[in-house]
Structure formats: structure tokens, C-alpha cells
Amino acid sequence: MTTVLQTLSNDLAATVATAGAAVVRVEGRRRLAASGILWSADGLVVTANHAVSRDDNIQVGLADGQVVPATLVGRDPTTDLAVLRAQATGLTPVAQAPAEALQVGHLVLALGRPGKTVQATLGIISAVGESWRTGLGGRIDRYLQTDVVMYPGFSGGPLVSAAGEVLGLNTSALSQGVSVSIPNATINRVVETLLAHGKVRRGYLGISTQPVRLPEALAKQLGQSSGLLVVGVESGSPAEAGGLSLGDTIVALDDHPVRHHDDLVAQLSSDRVGTPVTLRIVRTGQAQKLVVTVGEKP
């Protein structure tokens, strides 16, 4: 039994040493530094957006002790991802694990480098689910929950398999009280978009809203007790072009119920920009439908 535990312990230490070479320190905010992952040999680094509060004067600490300047390629607050370009070459990024490696019960390591040396914590994958949307409307390709402890400065660091391959990026900003990781598929999609455009587009209707309770009869008819009252429509906006008016109450978008502002934001994702959506509204006490083409948020 002692031999088995020693072997496991040695293997985990070797995994940390190997994968840790691709974990960097990100100095992009006033307080404690965060972590990041070397995503390419030419210095591309992915980290958590909330860990990079400034757009310039960013530095990256490499595993060999070097501290190099980095520029911000772009950020996507909706998925809490930011991409940096460190001024270094000849780096060795960690290998990415295939999607099928995400299985409940597998041992995982969360790595971070808030200081000069790599740090690690051990846990298991506790849940794997379907794609979901964050409160800001970003699409995360898979729900990936672990029981690892997110120590200060670990945000932006990798979730690593027992084989030393990256499964995703750890962040403390997407879900309170739960350790959620952003899977590789989401990271790669956001990285490609930021490299191509410098930003991730966000859907936009051009309205101001506030939640309201629906009359009892309408609530029973629609199967929901609240909606969003339109209290402002911007001139020249997609909402105005689609016929949305002050006093309308939005209750659904493409058959997805809209009860709160976050419900609407979650549906106005980047993939909807330029596409028509069907809004179900209440106007003068009657349920109606309007077709509005989603614009791009300025």
C-alpha cells in the first residue's frame, strides 16, 4: 500500500513539474497577481479576464524566472477570458486533453503561479454537463465542475489531468461557491475570435428595461409571473427598427422565457448578431410577436 501511495505521489509531482512549465504569473492588476497558461510557443497566454484590470503595463512571469512585458490581445468578459501576447519565443505550451477526457471521478490538479513558483491543489471532476450561458451571455461549451480549492491567485491557471494535459482554465468569477473551469473548446473559440477581431461581439437591441409582474390572467396564459417592461428605446436601434415601443413588456425571445434582465442578456450572444429573433411581447394587455434583427453592441 505504501508503494502505491508513493508511486501516486511521485507521479503527481512529475505531472505538476511538467505542466507547471506552461503556467505563468500574470501581473495585470493592483492586488495579488493571477495565473495564466502558455497557449502557443510564440507567447500567446490565456488567463481570466477579471485578473487583468488594466490594458497596458502587463507583465508575465515565466517558469524560468524571467519577467517579460505582455500586450493585451483582447478580452471577453462574458466568458471571463483574456488573451495576452508575451514578448518571448521558443516557449513550450502544455498539451490539451481531448474532450472525452472529461469524466466525473477523474483526478485533476489545479495549478497556479501567483508567486515565483508553481502551486497545486488536487481534486476530482465532480460534474460534467451540457453547454451553458454565463450571466453576461457568454456561451461555455461544457459545464465542468470540480472540487478543487481555488486559492488566491489561481484564477487563470489550468485544470490539468493526471496525464499532465490541460482540461480547461480555472476561474472564480463565473459561479459563486462552485469551482467551475472553462473547457478547452471555449478557450480555443474565444482565442480565435480575439486574434481575428480583438473583441467578441455582443448582441444589442438598444432598449432599457425593468422587471414587472404580469397580471394574473396573463401570467396563467403565458406560464410565467414576470417580464421586462421596456422603459426606453434608443433612436435608430434594432428595437426601434423592429417596432418595439415604450410600454411593451418582453416575455420571451425565440421561445426562451424572459423574466429578468439577465435572461435577455444571456440570449443576446455573439452568434445572434445580424440574425432575426422573435420577441414575444405584451402590448395593451395582449400577447403579440415581433421580429427584431439583433445588432452589435457598440
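Being under 16 Å from the mean Cα position of the chain (by Cα) and part of a strand (DSSP E or B) is a description that does not apply to SER175.
Quick check on ILE250: is it within 28 Å of THR79 (Cα to Cα), outside any loop (DSSP other than H, G, I, E, B) and over 26 Å from the mean Cα position of the chain (by Cα)? Spelling it out, ILE250 is indeed within 28 Å of THR79 (Cα to Cα), outside any loop (DSSP other than H, G, I, E, B) and over 26 Å from the mean Cα position of the chain (by Cα). THR171 fulfils the conditions (1) touching a Pro at 6+ places or on another chain (Cβ under 9 Å); (2) surrounded by 19 or more Cβ atoms within 10 Å (Cβ to Cβ); (3) of a type in the set (S, T, N, Q) except for a single criterion, (1). The residues in region 244-294 that are open to solvent by 40 Å² or more (accessible area, probe 1.4 Å), touching a residue at least 12 places away in the same chain (Cβ under 8 Å) and of a type in the set (Ser, Thr, Tyr) can be counted, and the count is 5. In region 208-229, the count of residues that are in a loop (DSSP other than H, G, I, E, B) and under 28 Å from the mean Cα position of the chain (by Cα) is zero. Checking each residue in region 56-66 for being over 30 Å from GLY137 (Cβ atoms) and either polar (S, T, N, Q) or open to solvent by less than 40 Å² (accessible area, probe 1.4 Å) (or both) picks out GLN59, GLY61, LEU62, GLN66.
Here GLN221 clears all of (1) crowded, with 21+ Cβ neighbours inside 10 Å; (2) at pLDDT below 95; (3) more than 25 Å from THR134 (Cβ to Cβ) except the condition numbered (1). Could we say that ARG201 is under 20 Å from SER270 (Cβ atoms) and open to solvent by 70 Å² or more (accessible area, probe 1.4 Å) here? Answer is yes for this residue. Applying the condition of being under 22 Å from the mean Cα position of the chain (by Cα) and of a type in the set (A, V, I, L, M, F, W, C) to region 254-277 and asking which residue is nearest to GLY227 (Cα to Cα) yields VAL258. Among residues of region 225-243 that are surrounded by fewer than 16 Cβ atoms within 10 Å (Cβ to Cβ), those with a Cβ under 8 angstrom from a residue that is part of a helix (DSSP H, G or I), sequence gap 6+ or separate chain, pair up as SER225/ALA219; GLU234/GLU240. Examine region 181-195 for a residue that is surrounded by 15 or more Cβ atoms within 10 Å (Cβ to Cβ) and over 17 Å from the mean Cα position of the chain (by Cα), and state whether such a residue exists. There is no residue in region 181-195 that is surrounded by 15 or more Cβ atoms within 10 Å (Cβ to Cβ) and over 17 Å from the mean Cα position of the chain (by Cα). Selection over region 1-51 of residues that are of a type in the set (A, V, I, L, M, F, W, C), more than 14 Å from PHE154 (Cα to Cα), open to solvent by 70 Å² or more (accessible area, probe 1.4 Å) and not in a helix (DSSP H, G or I) gives a count of 1.
The values are calculated or read from the model by the stated rules, or taken from the named source; none is laboratory data. Because the structure is a prediction, the values reported are computed rather than measured. Ideal geometry is used to build each Cβ from the backbone, glycine not excepted, and the neighbour counts take in all protein chains shown. Note: areas computed on protein heavy atoms with side chains; ligands, DNA, RNA excluded. Shrake-Rupley method; radii C 1.70, N 1.55, O 1.52, S 1.80 Å.
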